[in-house]
Amino acid sequence: LTAGVNIGDAFEDLANKIQKLGFPCQTYQFCYRAQADSKKNRRGGRVNQGIIEFLFPLIIAQISNKLTNINQIIENVPNVLKKTTPEDTIWLQRMQNLAFEMSGYQHRTFVIQEYPDILSHYKKRMENSVKPSDKYHNNEIVSNYPTLRFMIKTLSQCKNPSISESMQFVYDKVRQKEPNMPYGIIA
């Protein structure tokens, strides 16, 4: 919870910048900041890296297009990722390396390379992915959130009034559909 609260300021600054300047503009310095901020006042590793990376394009798509419908937001993510800057790709890779350093995985840091946009970066990472968690993570963004779409559809069909039980139901359905998907990706 602390890590989740800690990243709020970076996301607020991201939203304010897009509202002030419009999009496209350089935005992924806030992704780096969110990862750095997630560690404040707590112990633990890089528990927020995945959620920061998953949320970032969704927030940009939502704010830049003034959307409220989740399906429309997701539909706009590829356009957003293609409009990011080469500098954004550098910031994202810095964020990813920082996350590994924060959790003691310095040996997993990567050489930073400039790409034309964030989508190109994730496509290259997906091509080079060896670990299952990396493959699923990168595919989720490159393929425009197939698991999230499945989760939303499953949740919309769930009639249980308990949010906890509904989320457990959705989690279990994803496990059935994708039994090899790492737990952290689903979470």
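Per-structure values
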| item | result |
| --- | --- |
| Test set (1) open to solvent by 40 Å² or more (accessible area, probe 1.4 Å); (2) under 23 Å from residue 60 (Cβ atoms); (3) in contact with a Gly (Cβ under 8 Å, 6 or more places away or on another chain) - residue 185 fails condition number | (1) |
| Conditions (1) more than 18 Å from residue 15 (Cβ to Cβ); (2) modelled with pLDDT of 95 or more: number failed by residue 103 | (2) |
| Residue in the stretch 35-54 that is open to solvent by 80 Å² or more (accessible area, probe 1.4 Å), in a helix (DSSP H, G or I) and closer than 25 Å to residue 154 by Cα present | no |
| Matching entry among 171, 145 (being touching a helix residue (DSSP H, G or I) at 6+ places or on another chain (Cβ under 7 Å), modelled with pLDDT of 95 or more and either of a type in the set (Val, Ile, Thr) or open to solvent by 60 Å² or more (accessible area, probe 1.4 Å) (or both)) | 171 |
| Every residue from the stretch 1-24 that is free of Cβ contacts under 8 Å to residues at least 24 places away in the same chain and within 26 Å of residue 116 (Cα to Cα) | 12, 13, 16, 17, 20, 21 |
| Inter-residue pairs, beta-carbon under 7 Å, first within 12 Å of residue 152 (Cα to Cα) and in the stretch 166-181, second hydroxyl-bearing (Ser, Thr, Tyr) and open to solvent by less than 70 Å² (accessible area, probe 1.4 Å), 6+ apart | 170/154; 173/154; 174/147 |
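The values are calculated or read from the model by the stated rules, or taken from the named source; none is laboratory data. On a predicted model such as this, the values are computed, not experimentally measured, just so you know. Using ideal geometry, Cβ is built from the backbone for each residue, glycine included, and neighbour counts are taken over all protein chains shown. Side chains are part of the model used for accessible areas, which takes the heavy atoms of the whole protein and leaves out ligands, DNA and RNA. Shrake-Rupley method; radii C 1.70, N 1.55, O 1.52, S 1.80 Å.
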